[in-house]
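Here the structure is laid out as structure tokens; the discussion comes afterwards.
Bear in mind that the values in this text are calculations on the coordinates, not laboratory data. Predicted model, so just to flag it, every value in this text is computed and none were measured. Cβ: placed from backbone, ideal geometry, glycine included. Neighbour counts: every protein chain shown.
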Amino acid sequence: MDLTDIQKTYRSRRNRQIIIGLLALLGFAAMLYINVYPQAMAPLKPLQVVLLVLVLEAGMLIASLLNWRCPNCNKHLGRGWNPKACPKCGVELR
């Protein structure tokens, strides 16, 4: 894989990571909304909604852990949102 392919793959993974992060925030906002306005989910009990959101959040966490990897060495890229280089192999990502 040459450098341009690595950088292209990284951009794609970064975009997916941003979407996963936004969906996670949306899930937490939904839980907060249900906590404040439990009548908004009348057919469902608040505990059911919280459990559903927690399961979805766990799925997004797993997706994030599988997605946020270096295209070159496949090691996890750490906690940063936009690293310049892989902390493990040093390949330039952007």
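Below are the figures for this structure:
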quantity	calculated
Angle in degrees between helix 46-67 and the longest Cα principal axis of the chain, rounded to the nearest 10	0
Hits among lysines - C-alpha to C-alpha of LYS84 under 29 Å, sequence gap 8 or more where chains match	LYS8, LYS75
Leading residue at positive end of dipole, the stretch 3-67 (Cβ point charges), from SER64, ILE19, THR4	THR4
Per-residue HN-Hα couplings for the stretch 80-94 [Karplus 6.51, -1.76, 1.60; θ = phi - 60°; Hz; x = Gly/Pro]	x, 8, 8, x, 6, 9, 5, x, 9, 9, x, 5, 6, 9, 8
Alpha-carbon spread of the stretch 3-67, three principal axes, descending order, Å	53, 16, 14
Relative contact order of the stretch 3-67, defined on C-alpha pairs under 8 angstrom at six or more residues apart (%)	44
Dipole magnitude of the chain, debye to nearest 20 (Cβ charges: Lys/Arg +1, Asp/Glu -1, about Cα centre)	240
